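This report concerns only the one structure given below.
The values are calculated or read from the model by the stated rules, or taken from the named source; none is laboratory data. Computed from a predicted structure; not experimentally measured. Cβ sites come from the backbone with ideal geometry, for glycine too, and all protein chains shown count toward neighbours. Protein only, heavy atoms only, side chains kept; ligands, DNA and RNA dropped before computing areas. Shrake-Rupley method; radii C 1.70, N 1.55, O 1.52, S 1.80 Å.
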Amino acid sequence: MINLLQIINKAKTEHTLSKEEIISILSCNNINEELFNAADEVRKKYVSDEVHLRGLIEFTNICKNNCLYCGLRRDNKNLVKYRLTQEQIFDFATKAKSFGYKTIVLQGGEDDYYTKDIMINIIKSIKSLGLALTLSIGEKTYEEYKAFREAGADRYLLRIETTDKKLYEYLDPGMSHETRLKCLKNLKELGYEVGSGVMVGLPNQTIESYADDILYFKEINADMLGIGPFIPNEDTPLAGSKGKELTMALKVMAITRLLLPDINIPATTAMESLNKNGRLMALQSGANVVMPNVTEGDYRKHYALYPGKICTGDTPAHCRGCITGKINSIGRTVSESYGFRGNKNTNN
Ligand code: SAH
Ligand code: SF4
């Protein structure tokens with residue numbers, strides 16, 4: 001145990017660990033408090049007590065892919081499908097701005113209805129509000145990523161989901177791990193702030209593979225990393241899986257903070273769906289970002305990635321007040337800046 005504390009201390013000061021060292025921390029649950037405290041200290045030192053809020057618009061739940069874990073998968077017939085119009089998206093973004101959000105995250109299934117030209121229009125309209133914009137719309141060609149960047153998109157979220165190639169290709173039928181890696185490379189090359197991340201608790205995922213995930217994050221020097229527990233969804237082939245590994249997800253996240261001290265790490269919605277204090281626990285174990293939902297009405301309910309998703313009956317105004325209260329209750333403040341990595345206050 002003394003040895004493990006030394007390893008945590010090394011990570012805290014040198015921000016590097018070997019695969020064996022990561023595995024030893026992930027395998028032992030007696031040092032979790034020390035690990036979370038170390039990540040909290042590093043978070044405070046590098047990215048301060050400010051929490052960045054990103055307003056999330058879930059603009060389509062239609063997806064051409066068939067990921068085994070996800071409720072939006074093509075073969076799920078139990079989902080009420082929707083697409084937001086350009087006007088609705090602009091309206092939600094305008095309201096988010098009025099609530100004080102500085103960033104909009106546009107997330108959706110891989111829905112070809114939104115062609116390159118439609119997306120460019122949406123991107124330009126949101127950028128005209130003076131907000132930072134993050135896209136999370138899956139795998140696209142280099143040309144599409146380039147066009148979206150030129151239209152003004154600042155950041156892109158594309159989780160690698162797992163660095164275990166075999167597991168990835170089993171879970172995402174018809175998709176290739178290589179393409180996923182290539183997309184992330186292309187996004188970096190195009191000058192996006194790049195976010196990736198993984199799920200924790202997938203069937204047959206191992207501690208060794210979490211260690212590989214963390215080392216991969218470091219290797220690509222991701223600017224943002226979202227780590228969330230896998231929550232089995234009744235309407236998917238993984239309905240009978242176990243999942244729900246909140247503690248392990250927090251541990252993977254905490255080590256990620258130790259190794260990448262200055263990046264943005266969200267307290268994920270999936271964490272809060274498993275524990276009513278999940279996001280606060282995450283904010284005290286390395287996270288510095290929250291992504292409240294700014295989608296209105298029944299759409300929230302229909303964006304059913306996994307069951308038990310929080311706040312599906314709430315309004316954006318309610319969510320904004322609620323999360324600010326929670327953040328203040330642990331002595332933290334909501335940031336007024338755009339929240340780029342390294343605290344650049346530019347918004348192109
Ligand atoms: N289609 C885009 C974005 C929407 S999915 C994409 O796939 O990149 C956003 C994220 O939700 C996915 O990256 C995945 O990590 C997460 N997710 C999907 N199903 C989930 C589940 N059952 N439990 C937890 N997270 C899930
Ligand atoms: Fe589609 Fe993304 Fe869900 Fe896969 S995870 S089915 S790509 S929405």
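Under a Cβ-only charge scheme (Lys and Arg +1, Asp and Glu -1), can you give me the dipole magnitude of segment 1-93 about the Cα centre, in debye to the nearest 20? About 580 debye.
Modelled label positions at residue 178 and residue 87, each set 7 Å beyond Cα in the direction of Cβ, lie 4.6 nm from each other.
Rg over Rh for segment 133-214 works out to 1.01, using Cα positions for both radii and the Kirkwood form for Rh.
Helix 32-47 and the longest principal axis of the Cα set of the chain meet at an angle near 60°. Within the listed set 13, 268, 163, the Gaussian network model of the chain (springs between alpha-carbon atoms below 10 Å) gives the highest mean-square fluctuation for 13. For segment 141-287, build the charge dipole from Cβ charges (+1 Lys, Arg; -1 Asp, Glu) around the Cα centre, then report which of 197, 268, 220 sits farthest towards its positive end. The residue sitting most towards the positive pole is 268. In a fully extended conformation the segment linking residue 221 and residue 29 would gain 66.4 nm over its present Cα-Cα distance, using 0.36 nm per residue.
Per residue, the convex hull spanned by the alpha carbons of segment 173-310 comes to 134 Å³.
For the chain, the share of DSSP beta bridges that are antiparallel, to the nearest 5, is 5%. Listed as lacking a disulfide-compatible partner in the chain: 28, 63, 183, 311, 319, 322, by the criterion of no other cysteine Cβ under 4.7 Å. For segment 221-291, the convex hull spanned by the alpha carbon atoms encloses 95 Å³ per residue. Put a plus charge on the Cβ of each Lys and Arg, a minus charge on the Cβ of each Asp and Glu, and nothing anywhere else: the dipole of segment 142-226 about its Cα centre is then about 60 debye.
Plainly put, segment 1-78 has a radius of gyration that is 1.21 times its Kirkwood radius, both from alpha-carbon atoms, as the Rg/Rh ratio.
Kirkwood Rh and Cα-based Rg: tell me the resulting Rg over Rh for segment 273-321, rounded to two decimals.
Rg/Rh: 0.98.
Rolling a 1.4 Å probe over the protein heavy atoms of the chain, with every protein chain left in place, gives an accessible area that is 51 percent carbon and sulfur.
Taking a Cβ cut-off of under 14 Å around residue 83, the surrounding Lys, Arg, Asp and Glu residues balance to a net charge of -4, with basic ones at +1 and acidic ones at -1. Entry comment: accessible area of segment 220-282 is 29 Å² per residue, from protein heavy atoms only and a probe of 1.4 Å.
Report the local net charge at residue 312: Lys and Arg +1, Asp and Glu -1, summed over other residues whose C-beta lies under 11 Å from its C-beta. Neighbourhood net charge equals 0. Estimated from helical segments only, the mean residue ellipticity of the chain at 222 nm is -13000 deg cm²/dmol, where each DSSP H run of four or more residues counts as -39500 (n - 2.57).
Largest GNM mean-square fluctuation across 53, 68, 84, computed for the chain with C-alpha springs under 10 Å, falls on 84. Taking Cα atoms, how many degrees apart are the long axis of helix 2-14 and the longest axis of the chain, rounded to 10 and kept between 0 and 90? Helix 2-14 sits roughly 50 degrees off the main axis of the chain. Segment 189-245 and segment 269-341 have Cα centres spaced 19 Å apart. Under a 5 Å amide H cut-off, with hydrogens placed 1.01 Å from N, residue 200 pairs with 228, 230 among residues at least 5 apart or on other chains. One equal scatterer on each Cα of segment 189-231, no solvent, Debye formula: the resulting log10 I(q)/I(0) at q = 0.18, 0.21, 0.32 Å⁻¹ is -0.56, -0.71, -1.16.
In terms of its C-alpha gyration tensor, segment 4-49 has an oblate overall shape, because the principal axis ratio a/c (a ≥ b ≥ c, square roots of the eigenvalues) is not below 1.5 and a/b does not outweigh b/c.
Need one number: the % of Cα-Cα pairs in the chain sitting beyond the 38 Å mark. That tail contains 9 percent of the Cα-Cα pairs.
Remark on segment 40-93: hydrodynamic radius 14.5 angstrom, per the Kirkwood mean of 1/r across alpha carbon pairs. Binning all Cα-Cα separations of segment 1-135 at 5 Å, short to long from zero, yields these whole-percent fractions: 2, 9, 14, 12, 9, 9, 10, 13, 12, 7, 2, 0.
Note the angle between two axes, namely the Cα long axis of helix 316-329 and the longest principal axis of the Cα atoms of the chain, as a number of degrees from 0 to 90, rounded to the nearest 10. Orientation of helix 316-329: about 20 degrees from the principal axis.
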